[in-house]
């Protein structure tokens, strides 16, 4: 009897060993991605200082503090790293519980910013009390990634029908329209993020022909309407910035001078001449300063770092343990990729001038905080990858 039991156990064990080996979860983060993130952060601190020190020394309000911007950026880096560390260790699947409240809260804030938002550079983008404030549009990027992914996964097969696809588009359209009223470039980023998630999740490609056509029509309307005449001016001076070289086309011209002056190896770190002319060189136009100081070689290295980051993000999405992690990873990769493309395109006058920070590198507090938070989520997803034994 005992001999028969042993034979049965061995038979079952042999049967189990003959089955295909399961994939196991990797409990370590993607160190290549982490390394690239750290490099970009450190490089960003160097470039913020290099591009801003002359600006602060020539303006009385900064009290000759050449470290004014880099000190503040360093504070946000520390806060961002704390947030990234938290999300690296907080299982991303639990975030699904907070996606709907975050989405609702974000849209409420987007409405409030249109009513009581702080006006900066001619548009309302900030919401806050006193010195404490944030841009709801930055939160909207994360909210769309999290909630749209959650909605698609929860309602399985919803993208198999036109009605279901339109419902997902409505989830995306609400924050896009609210953001577009004051900030078209960020609205384009949010639309691109949602489009990337839907493209990966949807089994029917032809939906996107209609969606892209509708988006293009809405974008054209947002430019052509009389109340948005300044947007049409940006297109006109993009085509020929020398129509108004001292005002509307000024930043474009100075940016092109900076890119062209760098040559192959650049003028040297801190040696930019155009930063004395470019408005806020430490911000949206910082890639032009990189080109001038570090040349085509330095600019190419920066682009390669972003390419590696996007490549690792795509691999994480492809090998994700579940569909939700895959879609969230796709959204985060799209978030970084679209912003990088727009920033570089504006600096090289490949598209109309618009305010878009270069992730990790441009000066900015809330943007850096939310970017590093999203990187924490992406790194957390990388801990749950399907790998062969």
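The values are calculated or read from the model by the stated rules, or taken from the named source; none is laboratory data. Being a predicted model, the structure only gives us computed values, none of them experimental. Because the Cβ atoms are built from the backbone with ideal geometry, glycine has one as well, and the counts that use them run over all protein chains shown.
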### Query
Which of the residues belonging to segment 352-379 are assigned to a loop (DSSP other than H, G, I, E, B) and closer than 16 Å to residue 185 by Cβ?
352, 353, 354, 355, 356, 357, 358, 359, 362, 364
### Task
Answer yes or no: is there a residue in segment 331-339 that is touching a helix residue (DSSP H, G or I) at 6+ places or on another chain (Cβ under 6 Å), touching a residue at least 40 places away in the same chain (Cβ under 8 Å) and surrounded by fewer than 19 Cβ atoms within 10 Å (Cβ to Cβ).
no
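Select, from 256, 198, 174, the only residue that is surrounded by fewer than 21 Cβ atoms within 10 Å (Cβ to Cβ), closer than 28 Å to residue 313 by Cα and touching a residue at least 40 places away in the same chain (Cβ under 8 Å).
After applying the criteria, what remains is 174.
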### Task
Mind listing whichever residues of segment 262-297 are in a helix (DSSP H, G or I) and either at pLDDT below 90 or in contact with a strand residue (DSSP E or B) (Cβ under 7 Å, 6 or more places away or on another chain) (or both)?
274, 275, 276
### Query
Does residue 349 qualify as being at positive phi and assigned to a loop (DSSP other than H, G, I, E, B)?
yes
### Task
Determine whether residue 334 is in contact with a strand residue (DSSP E or B) (Cβ under 8 Å, 6 or more places away or on another chain), modelled with pLDDT of 95 or more and over 20 Å from residue 47 (Cα atoms).
no
## Note on the structure
When residue 280 is run through (1) free of Cβ contacts under 8 Å to residues at least 40 places away in the same chain; (2) surrounded by fewer than 24 Cβ atoms within 10 Å (Cβ to Cβ); (3) more than 26 Å from residue 102 (Cβ to Cβ), the failure sits at (1)
### Message
Within segment 119-132, does at least one residue satisfy the condition of being over 20 Å from residue 221 (Cβ atoms), within 19 Å of the chain's Cα centre (by Cα) and modelled with pLDDT under 90?
### Response
yes
